[in-house]
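The values are calculated or read from the model by the stated rules, or taken from the named source; none is laboratory data. Just so it is clear, the model here is predicted, and its values are computed rather than measured. Note that each Cβ is placed from the backbone with ideal geometry, even for glycine, and that neighbours are counted across all protein chains shown.
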């Protein structure tokens, strides 16, 4: 039902309605610049969209790989926005995408982070953040608090 595809600057305007619902103070120009910067080979994080068969964007996430500890490569995921649908198809698609990214990058851990993307985005209160943000999920099913949001 959904496919994961990298977000490119030429398509930033197609993802903007979804992002602007969650971040109303974010301008299209700022969002497009952010997407353009994420396209560069040296970008710290890349962007992915989950897209349906009609080319509608249903979820956007940023990801990067932390290789600072060679024996402990970690996939970093930041949820940007999701269009909530009835049922759990979008959530299953997000989980499959994250698992594939972790596998493709030889990561045994996934760290869920709050999105800090654009400098001008209005700050989001801690109480609005997903309850798993700041946690490390491993492929061994261990969950460890990192204190990142405390």
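General remarks:
- Picking from residues in region 88-109 that are part of a loop (DSSP other than H, G, I, E, B) and surrounded by fewer than 19 Cβ atoms within 10 Å (Cβ to Cβ), the one that is modelled with the lowest pLDDT is 88.
- Condition check for residue 85: in a strand (DSSP E or B) and modelled with pLDDT under 90: no
- One residue alone among 112, 137 is modelled with pLDDT of 85 or more and either under 18 Å from the mean Cα position of the chain (by Cα) or part of a strand (DSSP E or B) (or both), and that residue is 112.
Conditions tested, residue by residue: (1) touching a helix residue (DSSP H, G or I) at 6+ places or on another chain (Cβ under 9 Å); (2) surrounded by fewer than 16 Cβ atoms within 10 Å (Cβ to Cβ); (3) in a loop (DSSP other than H, G, I, E, B).
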| position | (1), (2), (3) |
| --- | --- |
| 11 | yes, no, no |
| 18 | no, no, no |
| 21 | no, yes, no |
| 33 | yes, yes, no |
| 50 | yes, no, no |
| 59 | yes, no, no |
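- One residue from 76, 36 being in contact (Cβ under 8 Å) with a residue 24 or more places away in the chain, over 18 Å from residue 16 (Cα atoms) and under 17 Å from the mean Cα position of the chain (by Cα): 76
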